[in-house]
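The values are calculated or read from the model by the stated rules, or taken from the named source; none is laboratory data. This one's a predicted model, so the numbers in the text were calculated from it and none came from an experiment. Virtual Cβ from ideal backbone geometry, glycine too; neighbours counted across all protein chains shown. To get the accessible areas, we keep the full protein, side chains included, count just its heavy atoms, and leave off ligands, DNA and RNA. Shrake-Rupley method; radii C 1.70, N 1.55, O 1.52, S 1.80 Å.
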Amino acid sequence: MKDIDKYNKTDVLIVGGGPAGLAAAIRLKYEKPELEVCVIEKGQELGNHNLSGAVLEVMALHQLLDDVRPGWMESNKAKEVLANKIEKDSITFLLGKSLSFNIFFMIKIANMLGLSLGQMMHIDDYSVSISRLTRWLGEIASELGAEVLKGFAAEDVIFNDVKGVVTGVKLIDQGLDKEGNKQPNYLAGEIVKADFVVLAEGCDGLLTENLVGKAGLERKSDQLYSVSVKELIKVNPDQYEKFTPGRVVHAMGYPLWRPVIGPAMFGGGIIYAGMKDHLSVGIIVGADWKYHDFNPQDALVRFKEHRFVEQYIKGGTVVEAGAKMIPEGGYYAIPRDPVSGSIGIGNCIIAGDSAGFVNMLKIKGLHNAIISGTKAAKAIASSISEPNEAAKQYTKLIDNSSVDKEMMSGRNYRQTIAKLGPLFGLPISVLGNLLPKFKVEKDYEVMTKAKYRFKCKHRFDKDTFTAVAATEHREDQPSHLIIIDKNICVEKCAAKFERPCITFCPAGVYETISDEVKAANPSNCLHCKTCQRKCPFDNIRWTVPEGGGGPRYQRM
Ligand code: SF4
C-alpha cells in the first residue's frame, strides 16, 4: 500500500492495466511527459486478468507506438508478442459430431460485394497472447515514467453530481475477515484523487457501471454479453504442423446450434495457433442462451470432441485455462451522456471493453481497445486547461476514427441474431444496416425451462479448470459475490430453473448447502462476471475482492 500513498492525488488516474489503459498511459507520457500518470490494476501482475482469443490488428500498435518507439517492430519483445502472423484463415461449419465444411469462400464473397460480413477476415492480423501483450505494454508505460501499480483494486468511483465530474476513486479496504471485522493488518481503502480519470477495466467494469448509474449515462440498447471459455493446449509437433502455424479457425454450428432441430445459441468455437506446439481452443457463447442447465464448458467439451477439432488436440495437455465475458452489444450499447453524447462525463473517459468497443462482425475488439486508449490520451493532452472537456474531446476523436466507423457498420448485427436466433438472424444479418434496430431483452431475462441437448455425460471437472487458471484469493476476506435476496434462490429459482448459477459458473463457486444457494468458494472466482449477468432473477452482484486476487493468466 505504501506506493499508493504518494498518489492520493495524481494528474491522471487510469483504472485497469489492460491494453486500453496501458495504451492511454503510454501515449500520455509521450505527449505530456510532465503529467503524473498512475495506472492501478487489480491483478497481481499485468496480464493476469486478461483473456482473449486473441486476434490483433497490428495497425492499432502502429498508431500507438510508431512515434513513441520508432522501429518498435524490430525489438525482441515485439517479435515475441507478434510471433504468429495469420496466413491461413478458416471459417468452418460443424454439422453433427463429425462433419465439417470450410465456408470461408462465403466471407470472401461478402468481402468482394462490400457486405459488412466481409469484415470477418483475419489474414495478416496476428494471433497473440493478450497476457504477454499486456505485460509488454506495461513495460513500455513504466519506461516512459507512468506509475503502474499492481494488486490495487478500486471499489467505487467518486462522482460530484453538482459539477458533473469524477474526483477520484475509492480503493477497497484490506484486512477484513469473512464477517467484515477489522484484522490487525486492516488498511482502509484510500481515495485516490485525480484531475482526469480513465476507466479501462475491461468488460462489465465495476466502476464503469457505477458511473453509468451515478452520472445517468445511457445506452440506446442494453449491453449484451457472451461468455468465453478457453484452454491453451500443448499438442504434439505433428498435430501443430498439421493444423498449420499461422492459422486461425472460427467454427460455427455444432454444438451451439444446428439447422432444423437442436439448440440455438449465438457463438462458436475457435482454434488459434499459438506459440510453438500450443493451440488455443475455446468456445464463445452469447449469454442470451435460454437453456437453464447450460454450461459453456459442456459446449467446449463437445467442441473438442468433434472430429474436426479432435484431430489437432487429441492427447494434448491443457496447460492454462480461463473464462471471461465479452461485451457484444456493439454501437448501441456504448454508454453515453444523454446531453452531450460523450462516452464518459466531464473529466472521466470510458475506454476499451468497458465502453463496449468490440466489433462482433470481426469477432475482435483488442485493436479498438488500444486505439481508444490512444484517443483517451490525446483527449486529455488537449484538455489540460479545461479538464471537464476531456470526455467530449475523446468522443469527437472516437467519432472520427476507425473505431466508430466499424462499430457503426456492425450496429445491427448482434441484435438481429438476438432477436431472430442464429438460424434466421445470421443470414438476415448480411443486410447489415438496412435492418431496423431491434429491441432485445437483457441476457438474464431470456432463460427458460428448456434443456441443452449436448450436455457432457460427466460433470465437467471445474476443479482442474480453476487449478490451471491458477486462481487465488486471500481466503479470510468478505465474499465479493453478493446474493441479494437468498429467498429468491429458494422460493423462485430452485423450482423454476434449478439454480443455474451452480451449473454455469465456470469455477464451481456456487453450491447448494442446507437447501440454500451460497457462493461457497469465492476464492475460486475467475472474475468472469457471468453470474452477475446470467442469474435469471438478476440476484447476484460481483464486487471487487482485495487486490492481487483472481486468476493468474500468463499466456492467455
Ligand atoms: Fe465467474 Fe461469477 Fe463464477 Fe466468479 S463466481 S467465476 S464471476 S460466474
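Dipole magnitude of the range 462-542 about its Cα centre, charges +1 at Lys/Arg Cβ and -1 at Asp/Glu Cβ only, in debye to the nearest 20? Each step should come with its number before you reach the end.
Working: 11 positive and 11 negative charges, 72 e Å.
Here the range 462-542 has a charge dipole of around 340 debye.
May I ask you to work out the translational diffusion coefficient for the range 89-222 at 25 °C, viscosity 0.890 mPa s, via Stokes-Einstein with Rh from the Kirkwood sum over Cα pairs, reported in whole µm²/s?
Working: Rh = 20.1 Å.
It comes out at roughly 122 µm²/s.
Roughly how many percent of the accessible protein surface of the range 462-542 is carbon and sulfur, given a 1.4 Å probe and a whole-percent answer?
Details: 1600 of 3400 Å².
For the range 462-542, the apolar C and S fraction of the accessible surface comes to 47 percent.
For the range 456-537, the per residue solvent-accessible surface stands at 47 Å², with DNA, RNA and ligands left out and a 1.4 Å probe. Pairs 193/375; 150/178; 182/529; 77/392; 42/234: which are spaced more than 32 Å apart, C-alpha to C-alpha? Violating the 32 Å limit, Cα to Cα: 77/392. Below 23 Å, Cα to Cα, which lysines can residue 108 reach? Residues fewer than 8 away in the same chain don't count. Residue 108 reaches 85, 88, 362, 364, 405. The accessible area of residue 265, taken with all protein chains in place and a 1.4 Å probe, comes to roughly 0 Å². Cross-link partners of residue 79 among lysines, defined as those whose alpha carbon lies under 18 angstrom from its own and excluding same-chain residues fewer than eight positions apart: 276.
I'd like the antiparallel share, as a percent to the nearest 5, of DSSP beta bridges with both residues in the chain. Before the final figure, lay out the partial values.
Working: 61 of 86 bridges.
Percent antiparallel among DSSP bridges in the chain is about 70.
Using alpha-carbon pairs under 8 Å, 6+ residues apart, how would you state the relative contact order of the chain in percent? Here the relative contact order equals 21 percent.
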